[in-house]
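The values are calculated or read from the model by the stated rules, or taken from the named source; none is laboratory data. None of these values were measured; they are calculated from a predicted model. Virtual Cβ from ideal backbone geometry, glycine too; neighbours counted across all protein chains shown.
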Amino acid sequence: MSWKDKLRPASYKGARFHIEGHDSDVAGREVQVHEYPGRDVPYPEDMRRKTKSFNFPAYVIGDDYMTARDQLISACDSEGPGTLIHPYLGSIIAICTGCKLSERADEGRMARLQLTFVEGGTNQFPTSSKDQSFALTQAVEAAHASNRESFANDFSVAGKPAFLAYESVDVISEATSEIDGAVSDQGDGTFARALSKIGKEALTFVQNPSGLANQLGDLIVQAGEAAGAGPETMQALRPIAQFGTQLAAVPLTTATRKVQALNQNAVVSLVTNSAVIEMARNVINTEFTTTDDAFATRDEIGGYLDTAMDRASEAEDDQLFETLRVLRTATTDYINAQSPRTAQVINTVAPLTEPALVTAYRLYQDASRADEIATRNGVAHPGFVPGGETIEVLSNV
C-alpha cells in the first residue's frame with residue numbers, strides 16, 4: 001500500500017473538503033526562559049506541552065460546490081469542538097479558529113478556504129481549596145432547620161374551629177400519599193412505620209406544629225434515602241417537590257378561611273422545600289457522566305429553589321429566604337466544581353458506516369468504549385454505526 005492509499009478524505013464535523021498539503025504545529029514544549037546576570041546559559045522552564053494547531057489551504061469543487069462550501073462554513077462557525085478528519089494526521093478533536101474564503105470568476109465551480117484549527121480539550125481549572133461537599137452539607141442542614149421553624153411559626157389550629165384541624169389532616173394525608181407513591185416499594189420498615197404513624201396520629205400532630213414539621217420533614221429525608229442515589233433520588237423527589245398543584249385554592253371569604261389557607265400553604269411549603277433541599281443533598285452522591293447532565297441537574301434544582309425563595313420573600317420570611325439562597329449558591333458551586341471532571345458531549349460524523357469497535361478505536365484508541373457509543377446513539381446493531389450521520393460521543397476527561 002502506497003502512502004497515497006493511506007490518505008483519508010478530509011472533513012470537519014461531517015463537512016467534506018479537499019487539501020493538497022498542510023502546515024501544522026504538531027509538537028514542542030511551552031517554556032519560560034529565565035536569564036540571569038553573569039550566566040551565559042539560560043534556564044528554560046518546561047511549562048507544558050505546546051498546543052497543537054493546524055493551518056492549511058482547502059478547497060471544494062464541483063457543480064454543487066456552493067452547497068459543500070456552505071456546509072463547511074457552517075461547521076466552522078458552529079459552537080464547540082468537533083472531529084477533524086485530516087488526510088495526513090488522522091482523526092483529531094479540534095475547534096476551528098479561522099476560515100477565510102476566496103472565490104474567483106476564472107475558477108468556476110470552486111471555492112478556496114484557508115482553515116485554521118487548534119486541538120480541543122476539556123474545560124479544566126485548578127481545583128478550589130474550599131470543601132464544597134462540607135459547605136453544601138452545612139447549607140442543607142441550615143435550610144432544613146429554617147424550613148421547619150418557618151412552618152411552626154405559620155401553622156396553627158390551636159383555639160380555632162375544629163374543622164381547621166380536619167382540613168389540615170386532609171392536606172397532610174394528600175402529602176403522605178404523594179410521598180408514599182414516589183418511593184413506591186423501595187422504602188424499608190422504618191420508612192413504612194414513620195408513614196403509618198403520621199397517618200394514624202395526624203390529628204394529634206396538627207396540635208403540635210414543631211413535632212409535625214420534624215415528623216413530616218424526616219419522612220421526606222427517608223424517602224430520598226430509600227430511593228437510592230443519583231437520578232433515582234431526583235426522580236423520586238421530583239413529584240414531592242411539585243406537591244400542592246392539585247390542591248384546591250381556599251376561598252379567602254372569612255378570617256377562618258384565611259387561617260385555613262395559611263395552614264395549607266405552610267404544609268405545601270414544608271413538603272416541597274424539604275424535597276428540594278434533599279435534592280440538593282443528593283448531588284453529593286451523584287456521579288455525573290457528562291457536563292450536560294451536571295448542568296441540567298444544577299438548573300433544575302436551582303429552578304425549584306428560586307420558586308421556594310419567591311414564596312419565602314412573599315411571606316416576608318427573611319431567615320428562610322437567606323438559608324435557601326445560601327443553599328442555592330452551595331449547590332451551584334458544588335456542581336460547577338464537579339463539571340471539569342465530567343465529559344463533554346461532542347457531535348461527530350463517521351466517514352463511512354463502520355462497527356462501533358472501529359469508531360471507538362478511531363476516536364479514543366480504546367475499543368472497549370464501543371458499547372458506550374452504540375448505547376448513547378441508539379445504534380440498531382453495534383456492527384453498523386451509520387456513516388455520514390451525526391452521532392454523539394463523549395470527550396476524554
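Restricting attention to the stretch 149-164, which residues are outside any helix (DSSP H, G or I) and surrounded by fewer than 17 Cβ atoms within 10 Å (Cβ to Cβ)?
Of everything in the stretch 149-164, those that are outside any helix (DSSP H, G or I) and surrounded by fewer than 17 Cβ atoms within 10 Å (Cβ to Cβ) turn out to be A158, G159, K160, P161.
Does T348 fit the bill of being out of contact with any Asp or Glu (no Cβ under 9 Å at 6 or more places or on another chain) and either surrounded by 19 or more Cβ atoms within 10 Å (Cβ to Cβ) or part of a strand (DSSP E or B) (or both)?
Here the answer is no, as T348 does not meet what is asked.
Among the residues of the stretch 9-53, what is the count of those that are hydroxyl-bearing (S, T, Y), without any contact (Cβ under 8 Å) to a residue 60 or more places away in the chain and closer than 20 Å to L72 by Cα?
0
Counting just the residues of the stretch 211-269 that are hydroxyl-bearing (S, T, Y) and surrounded by fewer than 17 Cβ atoms within 10 Å (Cβ to Cβ), which one comes out nearest to T286 (Cα to Cα)?
Result: T245.
Considering only the stretch 347-397, state which residues are of a type in the set (K, R) and over 24 Å from the mean Cα position of the chain (by Cα).
The answer is R362, and nothing else.
Can you go through Y43, Y36 and tell me which one is at pLDDT below 90, surrounded by fewer than 10 Cβ atoms within 10 Å (Cβ to Cβ) and of a type in the set (F, W, Y)?
Y36
Within 30 Å of S2 (Cβ to Cβ), within 23 Å of the chain's Cα centre (by Cα) and not small (G, A, S): is that true of I85 in this structure?
In short, no.
Within the stretch 92-115, which residues are within 15 Å of S24 (Cα to Cα) and surrounded by fewer than 17 Cβ atoms within 10 Å (Cβ to Cβ)?
T97, G98, Q114
If E322 passes every condition in (1) assigned to a helix (DSSP H, G or I); (2) closer than 18 Å to S168 by Cα but one, which one does it miss?
(2)
Give me the residue from the stretch 351-377 that is over 23 Å from P9 (Cα atoms) and charged (D, E, K, R) and, out of that set, surrounded by the fewest Cβ atoms within 10 Å (Cβ to Cβ).
Going through the qualifying residues, I end up with D371.
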